[in-house]
Amino acid sequence: SEGRSPATCHAPGECPAVGRGVAGTGFTNNTGWAADGSGCCDICEGAKRVNCFDQAACGSKTGEAGDWDFAVLDQIWLPQLCRALSQGHDPTLTHMPSERCLEGAVRRSGLSIHGLWPNYVGGFPQCCRRVALPQDLHETTVQRAKTEWVDPTTVAGDSCGVCKMWGHEMMKHGTCLTTSMDAYMRLSLDLLARLEEQTAVANKLLSSASNSPVRTRELEDIFRPYGVRAMCDPRDSRSTSGVGVFLELQTCWNRTGAASARVEEASDLVQVDCPGRPGRGACPEFFLAITTQGEDLTIAI
């Protein structure tokens, strides 16, 4: 419902002291609002700030805010997010096991921002500083995010949703990139706006890929001359070694200025080729894209 107060946002099972994740599924109980409604669950308690898998490339990283090599803007395909939740896994790591997509969501179709993630070559930072959320957001930021940064498990207009996907992305990634939640969300939205034309073409291609496999290169070519990453869902029941099930599109960005420069505006970043090899989940040569909003994908509210 519209305008719910924080005190009404808590549901049993959020912010537990133990058992925060559900092993192997991506679901979590550490999401949403604290029991007293005072703010968002703190997902960063005990988190390792520097995650480095290549000591030669990132062994000297400190986990301080701003100490990153490039940033990834990830757009998630909402129909596949809904399908994944219904199949028992959560690619966003932000939902409780019982959550599913709702008919009352702003939308359940097309690409939508998942997050903007600072990365190392060979690893990534997270939870670079502790913040209490939610923070004040400009109304223009909220209105843009409602349609471009959608959590389809939340009904349109439900103010409680700020502590799920938005809060998770700010705590884990935004703290390593910008000084506030509003700045982080504006930066992400402004980068997406720079990809408006390409995203529209990609949405059209993906919407036609439910019955016949599409060559992954065809999607990547939309974003030339820059190299992007097409990511598939390896846990989907229709996934095979030769034909993946599309999940996410990743574009990569770097600073226009010095490596230590603070980033607050989209003009502080320039698109670059995504470096290195795509990790687990990279689409194979072909993919399908789920588009049907069947009864197994959504529930009414």
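The values are calculated or read from the model by the stated rules, or taken from the named source; none is laboratory data. Quick caveat, the model's predicted, so the values are computed rather than measured. Reconstructed Cβ throughout: ideal geometry from the backbone, glycine too, with neighbour counts over all protein chains shown.
Details
- Selection of region 67-94 for residues being touching a Phe, Trp or Tyr at 6+ places or on another chain (Cβ under 7 Å) and part of a loop (DSSP other than H, G, I, E, B) yields Trp68, Asp69, Asp90.
- Checking each residue in region 188-233 for being assigned to a helix (DSSP H, G or I) and either at pLDDT below 95 or of a type in the set (D, E, K, R) (or both) picks out Asp190, Arg194, Glu196, Glu197, Lys204, Arg217, Glu218, Glu220, Asp221.
- Close pairs from region 218-233: first within 16 Å of Asn254 (Cα to Cα) and surrounded by fewer than 18 Cβ atoms within 10 Å (Cβ to Cβ), partner of a type in the set (Gly, Ala, Ser) and at pLDDT below 95, Cβ under 9 Å, at least 6 apart: none
- Single unsatisfied condition, Ser159 versus (1) of a type in the set (Gly, Ala, Ser); (2) without any contact (Cβ under 8 Å) to a residue 12 or more places away in the chain; (3) more than 28 Å from Ala289 (Cβ to Cβ): (2)
- Among the residues making up region 177-233, those that are among the hydrophobic types (A, V, I, L, M, F, W, C) and closer than 30 Å to Ala132 by Cβ are Leu177, Met181, Ala183, Met185, Leu187, Leu189, Leu191, Leu192, Ala193.
Residue by residue, here is whether (1) more than 30 Å from Ser210 (Cβ to Cβ); (2) modelled with pLDDT of 95 or more holds:
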{"site": "Thr8", "(1), (2)": "yes, no"}
{"site": "Gly19", "(1), (2)": "yes, no"}
{"site": "Gln55", "(1), (2)": "yes, yes"}
{"site": "Arg107", "(1), (2)": "no, yes"}
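- Which listed residue, of Arg49, Arg100, Arg108, is under 19 Å from the mean Cα position of the chain (by Cα) and closer than 14 Å to Lys172 by Cα: Arg49
- Verdict on Glu265 being under 23 Å from Leu189 (Cα atoms), in contact with an Asp or Glu (Cβ under 6 Å, 6 or more places away or on another chain) and not hydrophobic (A, V, I, L, M, F, W, C): no
- Taken over region 234-258, the criterion of being touching a residue at least 60 places away in the same chain (Cβ under 8 Å) and assigned to a loop (DSSP other than H, G, I, E, B) is satisfied by Arg235, Asp236, Ser237.
- Among the candidates Ala202, Ala193, Ala209, residue that is of a type in the set (Gly, Ala, Ser), crowded, with 18+ Cβ neighbours inside 10 Å and within 27 Å of Glu265 (Cα to Cα): Ala202
- Single condition Leu102 does not satisfy, out of (1) closer than 17 Å to Pro79 by Cα; (2) in contact with a helix residue (DSSP H, G or I) (Cβ under 7 Å, 6 or more places away or on another chain): (2)
- Restricting attention to region 279-293, the residues that are of a type in the set (Ser, Thr, Tyr) and buried (at least 16 other Cβ atoms within 10 Å of the Cβ) add up to 1.
- Filtered by the rule that a residue be under 23 Å from Gly26 (Cβ atoms), touching a Cys at 6+ places or on another chain (Cβ under 9 Å) and among the aliphatic types (A, V, I, L, M), region 132-169 gives Leu133, Val162.
- Count of residues meeting criterion [in a loop (DSSP other than H, G, I, E, B), within 25 Å of Asp136 (Cα to Cα) and among the hydrophobic types (A, V, I, L, M, F, W, C)] in region 24-46: 5
Conditions (1) in contact with a strand residue (DSSP E or B) (Cβ under 9 Å, 6 or more places away or on another chain); (2) farther than 28 Å from Gly26 by Cβ; (3) β-branched (Val, Ile, Thr), marked per residue:
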site: Glu197; (1), (2), (3): no, yes, no
site: Asn211; (1), (2), (3): yes, no, no
site: Leu219; (1), (2), (3): yes, no, no
site: Val228; (1), (2), (3): yes, no, yes
site: Asp233; (1), (2), (3): yes, no, no
site: Val245; (1), (2), (3): yes, no, yes
site: Thr251; (1), (2), (3): yes, no, yes
site: Val272; (1), (2), (3): yes, yes, yes
